[in-house]
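In what follows, a structure is listed as structure tokens, so that the remarks can point back to it.
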Amino acid sequence: MYWVSGTILNLDPDLLTSKQWTQCYSGTYADYLTSSVVSTILAQCNKAKLLLACKPVANSVYTLAAMGLRDDVLYDCGTSSTCTNVANGVGWYFNNAYSWGFVSGGDAVTRNSCDTASTNATARLCWHTSSSYGGYRCGSTIGLNSATTWERAIWHTDS
């Protein structure tokens, strides 16, 4: 089984499929992740370990990814602007009506719904989980709220 601590740059998805991970969600940054959509995604992505990833649609390799235990990846920070749950070398945050994402280790976040901080920008991912916006950032690329050319994905495994 493939398991890495910390954020992962340039992840080949073939490595995941060969190591018992399966993709359970894929969409563009233009897709709204409303509370009901998030509930549907979480019903599909129901295994013990989750991996969040992002990339330009045209690329085969993920620009950025991170993995963790389901409870850590889904740690509910509410609408706190600074909350993260550090686990597996990643600072996770989630709220099904605000935003969902991660940063490297103990890096601070500035959530206004999505994280706008710039420290270690290449290791930051944030998706809006409201009806007003799509995605927001994949690493140092920001402002992806309606980008049809950027993809976000979730993978899961029980291994």
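The values are calculated or read from the model by the stated rules, or taken from the named source; none is laboratory data. The structure displayed is predicted, hence computed values, not measured ones. For neighbour counting, all protein chains shown are included, and Cβ atoms are generated from backbone atoms with ideal geometry for every residue, glycine included.
Numbers below:
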{"item": "Residues of the range 130-146 satisfying the condition of being at pLDDT 95 or above, over 18 Å from Ala66 (Cα atoms) and surrounded by 19 or more Cβ atoms within 10 Å (Cβ to Cβ)", "result": "Leu144"}
{"item": "Complete set of residues in the range 26-52 that are under 21 Å from Thr148 (Cβ atoms) and crowded, with 16+ Cβ neighbours inside 10 Å", "result": "Gly27, Thr28, Tyr29, Asp31, Tyr32, Leu33, Thr34, Val37, Val38, Ile41, Leu52"}
{"item": "Residue tally, condition exposed (fewer than 13 other Cβ atoms within 10 Å of the Cβ), touching a residue at least 40 places away in the same chain (Cβ under 8 Å) and not in a loop (DSSP other than H, G, I, E, B), over the range 10-25", "result": "2"}
{"item": "Which numbered condition Lys55 misses (of (1) surrounded by fewer than 21 Cβ atoms within 10 Å (Cβ to Cβ); (2) closer than 12 Å to Arg152 by Cα; (3) of a type in the set (Lys, Arg))", "result": "(1)"}
{"item": "Residues being acidic (Asp, Glu) and part of a loop (DSSP other than H, G, I, E, B) - total across the range 145-159", "result": "1"}
{"item": "Every residue from the range 89-106 that is in contact with a Lys or Arg (Cβ under 8 Å, 6 or more places away or on another chain), of a type outside the set (Val, Ile, Thr) and closer than 18 Å to Cys54 by Cβ", "result": "Tyr93, Ser99, Gly101, Phe102, Ser104"}
{"item": "Filtered residues of the range 103-127 (kept if assigned to a strand (DSSP E or B) and surrounded by fewer than 24 Cβ atoms within 10 Å (Cβ to Cβ))", "result": "Ser104, Arg111, Asn112"}
{"item": "Of all residues in the range 63-80 being closer than 21 Å to Ser118 by Cβ and surrounded by 14 or more Cβ atoms within 10 Å (Cβ to Cβ), the one that is farthest from the chain's Cα centre (by Cα)", "result": "Cys77"}
{"item": "The range 128-144: number of residues that are under 14 Å from the mean Cα position of the chain (by Cα), part of a loop (DSSP other than H, G, I, E, B) and closer than 26 Å to Ala43 by Cα", "result": "3"}
{"item": "Pick from the range 43-80, criterion free of Cβ contacts under 8 Å to residues at least 40 places away in the same chain and aliphatic (A, V, I, L, M), ranking: nearest to Ser132 (Cα to Cα)", "result": "Leu74"}
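Results for (1) at positive phi; (2) charged (D, E, K, R); (3) touching a strand residue (DSSP E or B) at 6+ places or on another chain (Cβ under 6 Å), shown as yes or no for each residue.
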| residue | (1), (2), (3) |
| --- | --- |
| Ser81 | no, no, yes |
| Gly106 | no, no, yes |
| Cys126 | no, no, yes |
| Thr129 | no, no, yes |
| Ser140 | no, no, no |
| Gly143 | yes, no, no |
